[in-house]
Structure formats: structure tokens, C-alpha cells
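*Asks:* Could you have a look at this structure, given as C-alpha cells, before my questions?
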Amino acid sequence: MTAQLIDGNALSKQLRAQVAADTAALKAKGLTPGLAVVLVGDNQASQVYVRNKVKACEDAGLHSVLEKYEATMTEADLLARVEALNNDDSIHGILVQLPLPAHIDAQKVIEAISPAKDVDGFHIASAGALMTGMPGFWPCTPYGCMKMLESIGYDLKGKHAVVIGRSNIVGKPMALMLLQKDATVTVAHSRTKDLKALTLQADVIVAAVGKRNVLTADMVKPGAVVLDVGMNRNDEGKLCGDVDFDGVKEVAGYITPVPGGVGPMTITMLLVNTLESAQRALSEKH
Ligand code: NAP
């Protein structure tokens, strides 16, 4: 059996075209959605991520501001910048790129972002909203995974989903989103005993670990849907996921590739959240 590919690039293109159309409609009403991206320090990977985010905004017609600061920036100065952005009406989404330098308390900075502009969905109020099913911003990576499932018309009701990884930004919110769609959810982590026994029962597997070959073909039930969030490098230095793609694609029903899978969806959902924030701001005005 050869799995069908869930193409994150193609789905992103479709969703970003919709964001661009909705952005144009908002602009016609006099409001341009705006995203502020704040980068502190010179982490190489972060520089690439923020560039991609800003470019994606521009391509879809959103206004974007990139604020870059030296690694020596104080926590107090960063908190003051966040506060200024909270009060800036041209900004609807604020993203502080992580990781931050060690002398800055990242959680404190995230909690300083207004929940109304928390388009990354990392604020404790956003986490609480997701947990209780209230309106709020969903973290972009698991939100992108949900859109991928939606794109194949997958009905999660009564299905068994196994999420491998329990981080606050991927694993835990992923589990809550799946639960909200009536899946029965198991969350595995580094202390889980016999991961294979769990994944073999799964209709849907989300791998969000950050280690190559966490999921191999012998761990997958025929026909299962496999979403690979992991971003790793193989021996040749090429980007790869957590899933042994070549093996698992012979067993799974659907599979996401790396690159070109969940990665582009993460940025797409950031645009979706920023647009939604602007739409909420407009409706509050009227
Ligand atoms: P993280 O915070 O390091 O969490 C990794 C999780 O994996 C932890 O819960 C850990 O368990 C668990 N784990 C570690 N080894 C395991 C094992 N052998 N078996 C089962 N579980 C194991 O990472 P993250 O931020 O969630 O990111 C996970 C991966 O996704 C990384 O590769 C990251 O680069 C990638 N990522 C990709 C995107 C994207 O846009 N594509 C976005 C975000 C993250 P414990 O909790 O017990 O330590």
C-alpha cells in the first residue's frame, strides 16, 4: 500500500489565497491586518523563521513589522516594546520569536502580550480558551495539522489518535484539538512504555518529538493517517521529520512529508490568526 500525500505546500497556497482575498476585503473597509514580529538576538534559525513569516505576510497583503533587537536587550525594555505594540491599533498580532536570550523570562514576555493579539496562541489565556472550548487563538502548528485532516475530509469522531510529544506548543494543544473533534486521544512522551503498542492501535498518529525515526513502519496500523511535525537533519544534513517516511508511506493511508508538510502550514495559520484578529477588531468597532 502506498499512502496518499497530504501536501502542505499545496494546501497552504490555497489557504493563503483565501487570506489574501479576505485581507483585500478588509482593506476595502479601511482596515489592514498587521503583524509585529519581534526578534531578540542573532539565532540563525530564528532569523530564517522571522524572514519567512514577514514575507508570507507581505505576499498575502498584510502589513508586517519586523523589530530586531540586540541579544543584550533587557527584559524590561522588551516588556515595554510588547506593551507599546499592545496599544498600537495598526497591529493585530504580536509574535515574539522564541527562544529568547537566557536572561529574559520567555513566559513573562508571552503573558505580557494582549490575549487579543496572541496570534501564536501561547498565552495562558489562549491555552485556557482552547482547553474550555472558548474562542481564542489556537497555536499555529497543531492548528495547521487540524486543517490538514480537514482537507482530506477526515472525520475524527470516535477515532483513536495518538500524539507523540507533550510540549505546550505542539503536543498538548494538538491533543486538545483532537479531543474537541471527538477523537479518543492518547498522549505519549519520553516516559511512555511501549510506544509501539499504542501507535499500532491508532487511526491517527501525530509525531511531535524532534528525533528521527521515532515512528517506523512496524509501528503503524495499515491505513492510518500520519502527521509528521518533527524537524530534524539526516546524516546528509537534509531536513527530515520524526517519521521514517519511506517505510511508513508503504503502510499508512495518508502521510505528510518533511519538508513540504506541516512546516508551511504553521506560517499559514499565523496569517489566518492575524486576519481573524483584525476581523474581530473591526467588528468590535461597529
Ligand atoms: P519539545 O518541546 O522538545 O517536546 C518534545 C516532546 O517529545 C516531549 O514531550 C518529549 O517528552 C517527547 N519525547 C522525547 N523523546 C521521546 C521518545 N523517544 N518517545 C516519545 N516521546 C518523546 O519539542 P516541540 O517544540 O514540541 O517540537 C517537536 C518537534 O516538532 C521538533 O522537531 C520541532 O522542531 C518540531 N516543530 C516543528 C514545527 C513546524 O512548523 N513544522 C513547529 C514546532 C515544532 P518529555 O515531555 O517526557 O520530555
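The values are calculated or read from the model by the stated rules, or taken from the named source; none is laboratory data. Predicted model only: the values in this text are computed from it and were never measured. So basically every Cβ, Gly included, is an ideal-geometry build from the backbone, and we count neighbours across all protein chains shown.
*Asks:* If you go through region 178-205 one residue at a time, how many are touching a Gly at 6+ places or on another chain (Cβ under 8 Å) and in a strand (DSSP E or B)?
*Replies:* 3
*Asks:* Might you check whether a residue that is within 28 Å of K68 (Cβ to Cβ) and either among the aromatic types (F, W, Y) or out of contact with any helix residue (DSSP H, G or I) (no Cβ under 8 Å at 6 or more places or on another chain) (or both) occurs anywhere in region 11-20?
*Replies:* No, the conditions are met nowhere in region 11-20.
*Asks:* Which one of T184, T192 is of a type in the set (V, I, T) and away from the ligand (no atom under 15 Å from the Cβ)?
*Replies:* The unique qualifying residue is T184.
*Asks:* For the condition surrounded by fewer than 15 Cβ atoms within 10 Å (Cβ to Cβ) and closer than 14 Å to L39 by Cα, what is the one hit in A106, A71, A76?
*Replies:* A71
*Asks:* Please name all residue pairs, on different chains or six or more residues apart, with Cβ atoms under 7 Å, provided the first residue is in region 260-277 and is at pLDDT 95 or above and the second residue is within 11 Å of the ligand (Cβ to nearest atom) and acidic (D, E).
*Replies:* G261/D228; V262/D228
*Asks:* In addition: Residues that are basic (K, R) and not in a loop (DSSP other than H, G, I, E, B): does region 246-262 have at least one?
*Replies:* no
*Asks:* Would you check if there is a residue in region 253-274 being more than 10 Å from the ligand (Cβ to nearest atom) and on the phi > 0 side of the Ramachandran plot?
*Replies:* yes
*Asks:* While we're looking at this one, here's another question. Residues to consider are G144, G171, G133, G165; find the one that is touching a residue at least 24 places away in the same chain (Cβ under 8 Å), buried (at least 18 other Cβ atoms within 10 Å of the Cβ) and at positive phi.
*Replies:* Only one candidate qualifies: G165.
*Asks:* Restricting the search to region 97-127, which residues are part of a loop (DSSP other than H, G, I, E, B) and in contact with a Ser or Thr (Cβ under 9 Å, 6 or more places away or on another chain)?
*Replies:* Q97, L98, P99, P101, H103, I104, D118, V119, D120, H123
*Asks:* Scan region 265-283 and give yes if some residue there is surrounded by fewer than 16 Cβ atoms within 10 Å (Cβ to Cβ), out of contact with any Pro (no Cβ under 8 Å at 6 or more places or on another chain) and outside any helix (DSSP H, G or I), otherwise no.
*Replies:* No, because not a single residue in region 265-283 is surrounded by fewer than 16 Cβ atoms within 10 Å (Cβ to Cβ), out of contact with any Pro (no Cβ under 8 Å at 6 or more places or on another chain) and outside any helix (DSSP H, G or I).
*Asks:* Within region 196-239, count every residue that is under 20 Å from D7 (Cβ atoms), surrounded by fewer than 24 Cβ atoms within 10 Å (Cβ to Cβ) and more than 15 Å from the ligand (Cβ to nearest atom).
*Replies:* 2
*Asks:* Please list, ordered by first then second residue, the pairs with beta carbon atoms under 6 Å, 6 or more apart or interchain, first in region 192-212 and without any contact (Cβ under 8 Å) to a residue 24 or more places away in the chain, second in a loop (DSSP other than H, G, I, E, B).
*Replies:* Filtered contacts from region 192-212: L200/K221.
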